[in-house]
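The structure's right below; bear with me while I get my questions together.
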Amino acid sequence: LQIAVLASGSGSNLQSIIDAVERGALEAEICLVLCNRTDAYALERARKAGIPTATILHTEFETREAFDTAMIAALNAAGAELIVLAGFMRLLTPMFIQTFAGRIINIHPALLPSFKGAHGIADAVDYGVKLAGCTVHFVDECMDNGAIIAQAVVPCSTAESADVVQKRVLAFEHRIYPQVLQWIATKRVTLTGRKVTVQDTGL
Ligand code: GRF
């Protein structure tokens with residue numbers, strides 16, 4: 001499976017995917033790491049691992065469609081079969097999502113459908129939840145809305161800061177994202193309507 005990872009920042013999830021490929025736990029090849037910021041540390045991680053990178057700055061395009069068209073060209077040129085969003089902080093247009101229909105996944109640092117949006121952890125902590133977590137889901141045209149593939153639950157206390165909870169959640173992100181990718185790479189994931197089943201897992 002040829003996967004492209006889209007990231008805007010630190011890329012710790014990208015790193016977990018690189019590591020899984022390198023230790024043979026993920027039968028896939030990362031054909032491209034695409035970033036919309038030149039200062040994304042994800043680029044550095046990709047270069048260190050010898051993975052092709054592309055930087056496409058959203059600020060250089062007048063419309064979201066124009067930006068997405070440039071990304072689609074780069075992703076197709078790289079031969080991407082699955083688009084993996086890992087801290088990619090731009091909303092995708094319906095055109096992009098239709099181009100890769102059923103082939104885009106995202107990880108969100110909350111137990112969806114709770115706490116959608118860019119501040120999932122802080123919102124959950126402010127709300128006073130006792131269980132935080134993360135969700136891997138297919139991407140549809142509404143933000144953080146697509147069919148859920150896997151979730152991990154992380155206990156937390158109201159005495160803890162968002163930073164502390166975030167670290168704990170991130171550690172689980174790094175476990176479930178490569179696992180979901182391996183399920184997809186081995187064709188065990190089926191999407192029917194908005195229900196996902198994963199062969200031989202009980203999910
Ligand atoms: C993660 O918390 C992920 O859930 C969210 O963005 C963050 C990306 O972190 N979508 P990193 O860049 O992978 O370290």
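Sorted from largest down, give the three principal axis spans of the alpha carbons of the range 1-101, whole angstrom values.
Rounded to whole Å, the extents work out to 41, 28, 19 Å.
If you don't mind, another one. Please give the calculated 222 nm ellipticity per residue for the chain, where each DSSP H segment of at least 4 residues contributes -39500 (n - 2.57) and the sum is spread over every residue; nearest 500 deg cm²/dmol? Provide the component values of the computation, followed by the final result.
Details: 6 runs with 72 residues, N = 203.
Rounded to the nearest 500, it is -11000 deg cm²/dmol.
Here's another thing I want to ask about it. Given the convex hull of the Cα atoms of the range 106-203, what is a quarter of its surface area in nm²?
With the hull built on Cα positions only, its mean projection is 6.1 nm².
How many nm is it between the label spots at K195 and Q2, if each spot is 7 Å from the Cα in line with the beta carbon?
3.4
Follow-up question, since we're still on this one. Taking the Cα centre of the chain as origin and charging only Cβ (+1 Lys, Arg; -1 Asp, Glu), how large is the dipole, in debye to the nearest 20?
420
A further question follows. Compute the whole-percent fraction of alpha carbon pairs in the range 1-54 spaced more than 19 Å apart.
15
Right, another one. Write out the trypsin sites (Lys or Arg not before Pro) in the range 64-144 meeting two conditions: DSSP loop, and at most 10 other Cβ atoms within 10 Å of their Cβ.
K130
For each of V180, V5, count neighbouring Cβ atoms within 10 Å of the residue's Cβ, then give the residues from fewest to most.
Listing V180, V5 from fewest to most nearby Cβ atoms yields V180, V5.
Okay, next question. For Cα pairs less than 8 Å apart in space and 6+ apart in sequence, what is the mean separation divided by the residue count of the chain, i.e. the relative contact order in percent? List each step's numbers first, then the result.
Working: 390 pairs, mean separation 39.2, N = 203.
Rounded, it is 19 percent for the chain.
Test of understanding: express the Cα radius of gyration of the chain as a ratio to 2.2 N^0.38 Å, with N the residue count. It would help to have the intermediate numbers written out before the result.
On the way: Rg = 16.3 Å, N = 203, 2.2 N^0.38 = 16.6 Å.
Output field value: 0.98.
Quick one: compute the contact order of the range 1-62, relative version, from alpha carbon pairs under 8 angstrom and 6+ residues apart, as a percent.
Answer for the range 1-62 is 36 percent.
Would the range 118-174 count as rounded, prolate or oblate if I go by the C-alpha gyration tensor, calling it rounded below 1.5 in a/c and otherwise prolate when a/b exceeds b/c, oblate otherwise?
Prolate, since a/c reaches 1.5 and a/b exceeds b/c.
Here, each number is a calculation from the coordinates, and none is a lab measurement. In this text, all values refer to a predicted model and were calculated from it rather than measured experimentally. Cβ atoms come from the backbone with ideal geometry, glycine included; neighbour counts cover every protein chain shown.
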